[in-house]
Amino acid sequence: MSADDGNYAFLVDGQKQIIRISNHTGSMNVPEHACILEYTAADGKNKISVYIDQGTSQSFLLPGMRTDETEVVWNTVLLGNPVRGGKILAAITGPNNTHPVVEITDIQGRTLIKERLTKTKTEEEFEFDVQRYAKGVLLMKISYENFSQTLKVVHGN
């Protein structure tokens, strides 16, 4: 099965790569260690994972779903951990004009903060004030439709 010319999205060890297929060929950066490639099959439904063994010099892989280079993958990064000054600062990446929910809980699972955000940019920073809560480990869960990510936050001074 040959692929149409275009852009295809693959995850290589969890990192997204956009591969340009032209004249039925393309290339991707594969680490020197064994890794896993993940993509969606051409049927648009089935997820495929391919294990690439260390030392593989050449592989052939039929591409999955064609993608648009502007496709945005959800991700959240804490900007400072442990948290200082009682403020959690998080950079949330995902599609524009969405409303992810952030829930911050203590280690016993009690909800301290639950907020529905309005995200207008692809990457946006949000601040959450936790200084009135006890010091220690907190869990921050970000969710939207099929995306969910939980981060461990150390609430320090």
- Task: May I ask you to sort I19, I113 by Cβ crowding, counting other Cβ atoms within 10 Å and putting the fewest first?
- Result: I113, I19
- Can you put V77, V12 in order, fewest other beta carbons within 10 Å first? V77, V12
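Counting other beta carbons within 10 Å of each residue's own, what order do R20, R110 fall into, fewest first?
Working: R20 13, R110 8.
Final ranking by Cβ density, sparse to dense: R110, R20.
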- Query: When the chain is fully extended, how far beyond the present Cα-Cα distance does I48 get from F147, taking 0.36 nm per residue of separation?
  - Reply: 33.8 nm
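Each value in this text was obtained by applying a stated rule to the coordinates, not by laboratory testing. Everything numeric in this text was worked out from a predicted model, so none of it was measured. Quick reminder, even Gly has a Cβ in these numbers, built from the backbone with ideal geometry, and neighbours come from all protein chains shown.
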